[in-house]
Amino acid sequence: MAKATTSIRRQLILMVATVLIVINVVALWSAHIYANRAAKESYDRLLYGSALQMAENISLLDSQFFIDLPVSAFETLALSTSDRAFYSIMNGQYQVLTGYKDLPNIPFTQLLQQSIEKEKFIPIYYEAMYHGETVRFVALGKRLLEADSVNDVFIIVGQTLDARRAAATEISQMALQFVTLFFFITLLLLLFVIWRVLQPLQAIKQAITERSPQELSPLEANVPSEIAPLLKSINFFMTQLDNTLSRLKRFTAEAAHQIRTPLAGLNSQAQNALDETDEVLRQKQLQHILESSNVLTNTVNQLLSRATLTHRYQSHPFSPVSLDHVIKETCRELVVWALEQQVEIEYLGDIQVTVNGDEFALKQMLQNIIENAIKYSPKGSVVEVELMVMDELSETSVVLQIRDQGIGVPDQDKEHIFEYFYRSPDNFASGSGIGLSIAKEVAEHHDARFHLKDNQPTGLIVEVIFPQRKGLSYES
Amino acid sequence: MKVSYVLGLCLILVSHIVFADAAQQTTYITFPSLNKQPKYQENVLAIYGAINHQAISPLFKAYQEKYPNVAIHYTESNTRHLYEQFISQPNVRPDVMLSPAMDLQFKLANDGYALAYDSPELSNVPKDSHWRNELFGFTYEPIVTALNSDILVGEALPLSREQLLNLIRSKNHLLDDKIGLFDIQQSGLGYLAWAYDGQQSRSYGRLLEAFGTHQARLYTDTSSMLNALLKGQIFIAYNLVGAYSYQWSQKYEWIKTIMPTDYTTIIMRTAFIPRDAQQPTLAKRFIDLLLSSEGQHILANHSGITPISTKVKGPYSRDELSKLPHGIFRPIPLGLELLIQTDDAKKRLIYHEWDNAMFTSPNDSSSLP
């Protein structure tokens, strides 16, 4: 029983979930970065706005600084309701004119540089610890002109970070809520889609489960094109199974019949022999009994050998077999029996062939074919066994032919001859009727082709063609 | 229980020790703990405040009934003096600072002197009545004008600043040396209210001119101004704390209290716990009481001070206040806007205007900047 690998459903769900999680984590991370940047920028602008409003209200009056800070500058800062704010206004010599006198880390060098370059002052943002809290500062310069004097003032405004942190957290949390919602909705949809996609497999399973074990007709189910080949294979397999099963049934019935008939014959012959008073006739009847029992033995032997072969197919791996050697050996074993039938066996062929195969099975095949040929040969005829190499298109194959000069097989019977217990209606020779079918099975088991041809002027040619395969080699 | 309560009250009344520091107008009052068992270790809650001790004592009593082992040492002084003392004497900080000078209180909190405390009672009071969890507004008081009605002689009561100016103009020299004002350089509350006027009204300049021309008298606190009004030393007192003025109006019917109808400034008294308070736990309990319905109820019924909570009922509740004639209520926001009031440059400008108006001879008054 093949082990089920990881379920498709589980794999799909796992992959989909992984992809979703990765996407969502990336989305969340981006949202977090964006939230921080957005909060930082907007609150920096407020800070800058406040500094600008302060700068706006600083002027020179008779070489004296006139500072009248507007409430709006502080109202701007108060938009962050829970933050502390600090500010300081300094003259060019960094003396504090108003505001906090001890602000930390003022970027004097940058301010001085901007002052020297005499260009537009640009705001400098920085963070520093003040009164035990991190404070975001903006430092801004302003140039005051009066008659012939130039004075710079510097405005520093700082605010703690609560409001921007809160804003960033709020944006992040909204993103988190959205992403979580998105995650579950997508996951649900995908689960639905996966269920929907795998539904046909479930349907096939259901259809098979619901059948009775005897029912082997093709499955009827509407399935997507991806699943259709599977269904087709299942149906093909079932057809095969059906064929095999019916053949087996027929075989069993025939086998029973074939054994029972000779047994019944034996029985009545034996009865006759018992009753017979004429010694000569009795002798003759006993002879018949012996023949019938031979036929029966033969049949049972064939059945047994077939069972053996079937078992071997499953249990014996192939090994290199010298085909010409096996053929010669078989001919040699049968030659005495053939002569008793007044039939000669002639082996033609001088090549040496090795195939990958099962020696026992091959020998069985040869035996069956040759015995069959001898059985149907008229007295005094010759059964020719030939092994040769044939070039067929681009392929070189090894061909084994067994030719007899019997009555042959009419074309309409050729296709039935391999069926178990089939015997030509005009056949009077004793035989089990399963010899050739076993031979054909062995040939096919070795990937060889099995043909029946007509011999000239009369007779049958059984041809076994071993195609070019790994393990086939020959020498002339 | 009842007996011991009465006994305790008597003891309190007997043992009120009142020192008065004449130079700084500072008063020290001790409220001994109710628990008189000698071996009991007494805790002291030190409170600095610019609230009349008679007004605040009902609250202290309520506190001590809850926590009988606590003695309260109350130091009453004017707002600016309290602020300066807080800054200059870091070793003797109180456990609770109470003051109506919102700007000075705010500056201390902004500069990190206040202890953060999430009082469970904050839900009782409006959201904009506290800043962070450090500075807690607990009253809602109008800034009013008080007037001795004898000066009217048939003229209508001046309800707005404009009408007040007209009255001053019409009475002219009768009012010389008869107008009372906060000395904005001495009183934090006075400066706050005056600077806020500067932000609100165009009549500010003309008021200043009129006050200068008539050589207004300057006071450091509401009580002394009301005393002067009562004694006839002044006829008009501008920018007083409403609570006291209304109490005096009830007692002396010729003293009229007016909430100017052009706009009425509202201030909040605020409280905070200094970061280095000796008894932060006791102080937190005091803040809880101050903001609780019980504390707010005491203010509205026994202290004569309008509490911040809109829910409590009483003769001095916000409901009752809004029934009196008044202008648009303009509460001074408790937030960073207050930093402008503490700005040195702004202060110099306002002081400069003020000095020019107050300390130049009436004839030169036309040369005001």
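Inspect all residues belonging to the stretch A:97-119 and state whether any of them is closer than 23 Å to B:Lys346 by Cα, away from chain B (no Cβ under 14 Å) and open to solvent by 70 Å² or more (accessible area, probe 1.4 Å).
No; the residues of the stretch A:97-119 include none that is closer than 23 Å to B:Lys346 by Cα, away from chain B (no Cβ under 14 Å) and open to solvent by 70 Å² or more (accessible area, probe 1.4 Å).
A:Gln64 passes all but one of (1) within 25 Å of A:Asp148 (Cα to Cα); (2) in contact with a Lys or Arg (Cβ under 6 Å, 6 or more places away or on another chain); (3) open to solvent by 30 Å² or more (accessible area, probe 1.4 Å); which number fails?
(2)
Only helices (runs of 4 or more DSSP H) wholly contained in the stretch B:26-126 count here; list those with 1 or more residues that are polar (S, T, N, Q), touching a residue at least 24 places away in the same chain (Cβ under 8 Å) and touching a Ser or Thr at 6+ places or on another chain (Cβ under 6 Å).
B:79-88, B:102-110
Which pairs turn up if I take residues in the stretch B:272-297 that are more than 12 Å from B:Lys66 (Cβ to Cβ) and look for partners that are among the basic types (Lys, Arg) with beta carbon separation below 6 Å, at least 6 apart in sequence or on another chain?
Filtered contacts from the stretch B:272-297: B:Pro274/B:Arg93; B:Asp276/B:Arg93.
Could you say whether any residue in the stretch B:113-122 is closer than 23 Å to B:Ala46 by Cβ, aliphatic (A, V, I, L, M), within 19 Å of the chain's Cα centre (by Cα) and not assigned by TED's automatic domain parsing to the domain that holds B:Lys178? First the steps, then the outcome.
Residues of the stretch B:113-122 closer than 23 Å to B:Ala46 by Cβ: B:113-119, B:121.
Pick out the ones that are also aliphatic (A, V, I, L, M) and you get B:114-116.
Then drop every residue that is not within 19 Å of the chain's Cα centre (by Cα), which leaves none.
No: the stretch B:113-122 contains no residue that is closer than 23 Å to B:Ala46 by Cβ, aliphatic (A, V, I, L, M), within 19 Å of the chain's Cα centre (by Cα) and not assigned by TED's automatic domain parsing to the domain that holds B:Lys178.
Starting from the stretch A:38-62, take each residue that is free of Cβ contacts under 8 Å to residues at least 24 places away in the same chain and list its partners that are polar (S, T, N, Q) and open to solvent by 10 Å² or more (accessible area, probe 1.4 Å), counting only C-beta distances under 8 angstrom and pairs at least six apart or across chains.
Between residues of the stretch A:38-62 that are free of Cβ contacts under 8 Å to residues at least 24 places away in the same chain and residues that are polar (S, T, N, Q) and open to solvent by 10 Å² or more (accessible area, probe 1.4 Å), the close pairs are A:Gln53/A:Ser72; A:Gln53/A:Thr76.
Would you point out which residue out of A:Glu41, A:Glu75 is at pLDDT 90 or above, open to solvent by 50 Å² or more (accessible area, probe 1.4 Å), in a helix (DSSP H, G or I) and within 14 Å of chain B (Cβ to nearest Cβ)?
On the way: A:Glu41 fails: within 14 Å of chain B (Cβ to nearest Cβ).
After ruling out the rest, the residue left standing is A:Glu75.
A:Ser82 passes all but one of (1) within 18 Å of A:Ala168 (Cβ to Cβ); (2) within 13 Å of another protein chain (Cβ to nearest Cβ); (3) crowded, with 16+ Cβ neighbours inside 10 Å; which number fails?
The failed condition is (3).
Here's the yes/no breakdown for (1) open to solvent by less than 20 Å² (accessible area, probe 1.4 Å); (2) over 21 Å from B:Gly180 (Cβ atoms); (3) over 20 Å from the mean Cα position of the chain (by Cα):
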residue: B:Thr222; (1), (2), (3): yes, no, no
residue: B:Phe235; (1), (2), (3): no, no, yes
residue: B:Ser245; (1), (2), (3): yes, no, no
residue: B:Gln250; (1), (2), (3): no, no, no
residue: B:Lys256; (1), (2), (3): no, no, no
residue: B:Gln279; (1), (2), (3): no, yes, yes
residue: B:Leu289; (1), (2), (3): yes, yes, no
residue: B:His297; (1), (2), (3): no, yes, no
residue: B:Ser317; (1), (2), (3): yes, yes, no
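If you take the residues in the stretch B:319-351 that are in a loop (DSSP other than H, G, I, E, B) and more than 9 Å from chain A (Cβ to nearest Cβ), which one is surrounded by the fewest Cβ atoms within 10 Å (Cβ to Cβ)?
Residue satisfying both the conditions and the ranking: B:Pro325.
Of everything in the stretch A:120-136, what is in contact with an Asp or Glu (Cβ under 8 Å, 6 or more places away or on another chain) and open to solvent by 30 Å² or more (accessible area, probe 1.4 Å)? Give them in sequence order.
A:Tyr125, A:His131, A:Thr134
Which fully enclosed helices (runs of 4 or more DSSP H) of the stretch A:226-343 have 1 or more residues being more than 22 Å from A:His416 (Cα to Cα), among the hydrophobic types (A, V, I, L, M, F, W, C) and outside the structural domain of A:Gly435 (by TED's automatic domain parsing)?
It comes to A:228-275, A:279-315.
Let me spell it out: the conditions are (1) in a helix (DSSP H, G or I); (2) more than 13 Å from chain B (Cβ to nearest Cβ), and A:Leu60 meets all of them except one. Which number is the exception?
The failed condition is (1).
Residues being out of contact with any Lys or Arg (no Cβ under 7 Å at 6 or more places or on another chain) and surrounded by fewer than 19 Cβ atoms within 10 Å (Cβ to Cβ): count how many of those fall in the stretch B:261-277. I'd like the intermediate steps shown before the answer.
Step one: filter the stretch B:261-277 for residues out of contact with any Lys or Arg (no Cβ under 7 Å at 6 or more places or on another chain), giving B:261, B:267-272, B:275.
Pick out the ones that are also surrounded by fewer than 19 Cβ atoms within 10 Å (Cβ to Cβ) and you get B:261, B:275.
Going through the stretch B:261-277 one residue at a time, the tally reaches 2.
Give the residue, chosen from B:Leu108, B:Leu98, that is more than 13 Å from chain A (Cβ to nearest Cβ) and buried (at least 22 other Cβ atoms within 10 Å of the Cβ).
Just one listed residue meets the conditions, B:Leu98.
Determine which single condition B:Asn356 fails, assuming it passes every other condition in (1) away from chain A (no Cβ under 14 Å); (2) open to solvent by 10 Å² or more (accessible area, probe 1.4 Å); (3) under 28 Å from B:Ser160 (Cβ atoms); (4) outside any helix (DSSP H, G or I).
Unmet condition: (4).
From A:Leu241, A:Leu296, grab the single residue that is open to solvent by less than 80 Å² (accessible area, probe 1.4 Å), out of contact with any Gly (no Cβ under 8 Å at 6 or more places or on another chain) and closer than 30 Å to A:Ile208 by Cα. Before the answer, list the steps.
Details: A:Leu296 fails: closer than 30 Å to A:Ile208 by Cα.
Only one candidate passes the filter, namely A:Leu241.
Six or more apart or on different chains, Cβ under 9 Å: which pairs go from a residue in the stretch A:375-402 that's more than 25 Å from A:Trp337 (Cβ to Cβ) to one that's open to solvent by less than 50 Å² (accessible area, probe 1.4 Å) and hydroxyl-bearing (Ser, Thr, Tyr)? Could you list them?
Once the first residue is more than 25 Å from A:Trp337 (Cβ to Cβ) and sits in the stretch A:375-402, its partners that are open to solvent by less than 50 Å² (accessible area, probe 1.4 Å) and hydroxyl-bearing (Ser, Thr, Tyr) give A:Val389/A:Thr396; A:Val389/A:Ser397; A:Met390/A:Thr396; A:Met390/A:Ser397; A:Asp391/A:Ser397.
Identify, please: which residue in the stretch A:123-163 is within 12 Å of another protein chain (Cβ to nearest Cβ) and assigned to a loop (DSSP other than H, G, I, E, B) and is, among those, farthest from the chain's Cα centre (by Cα)?
A:His131
Out of (1) of a type outside the set (S, T, N, Q); (2) within 11 Å of chain B (Cβ to nearest Cβ); (3) without any contact (Cβ under 8 Å) to a residue 40 or more places away in the chain, what's the single condition that is false for A:Phe65?
A:Phe65 satisfies all of (1) of a type outside the set (S, T, N, Q); (2) within 11 Å of chain B (Cβ to nearest Cβ); (3) without any contact (Cβ under 8 Å) to a residue 40 or more places away in the chain except (3).
Here are the criteria: (1) in contact (Cβ under 8 Å) with a residue 40 or more places away in the chain; (2) away from chain A (no Cβ under 14 Å). Tell me which single one B:Tyr219 does not satisfy.
If we test B:Tyr219 against (1) in contact (Cβ under 8 Å) with a residue 40 or more places away in the chain; (2) away from chain A (no Cβ under 14 Å), just (1) comes out false.
Of the conditions (1) small (Gly, Ala, Ser); (2) more than 20 Å from A:Leu161 (Cβ to Cβ); (3) within 13 Å of chain B (Cβ to nearest Cβ), A:Ser50 satisfies every one except a single condition; which number is it?
Among (1) small (Gly, Ala, Ser); (2) more than 20 Å from A:Leu161 (Cβ to Cβ); (3) within 13 Å of chain B (Cβ to nearest Cβ), A:Ser50 violates only (2).
For every residue, the table says whether it meets (1) at pLDDT below 75; (2) crowded, with 18+ Cβ neighbours inside 10 Å.
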residue	(1), (2)
A:Gln412	no, no
A:Glu415	yes, no
A:Ser424	yes, no
A:Ser432	yes, yes
A:His451	no, no
A:Thr458	no, no
A:Pro467	no, no
A:Ser476	yes, no
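Counting just the residues of the stretch B:61-95 that are acidic (Asp, Glu) and within 24 Å of B:Tyr191 (Cα to Cα), which one comes out surrounded by the fewest Cβ atoms within 10 Å (Cβ to Cβ)?
Per the stated criteria, the residue is B:Glu84.
The values are calculated or read from the model by the stated rules, or taken from the named source; none is laboratory data. A quick note: this is a predicted structure, and the numbers were derived from the prediction, not measured. Positions of Cβ are backbone-derived with ideal geometry, glycine not excepted, and every protein chain shown enters the neighbour counts. With ligands, DNA and RNA removed, areas are computed over all heavy atoms of the protein, side chains included. Shrake-Rupley method; radii C 1.70, N 1.55, O 1.52, S 1.80 Å.
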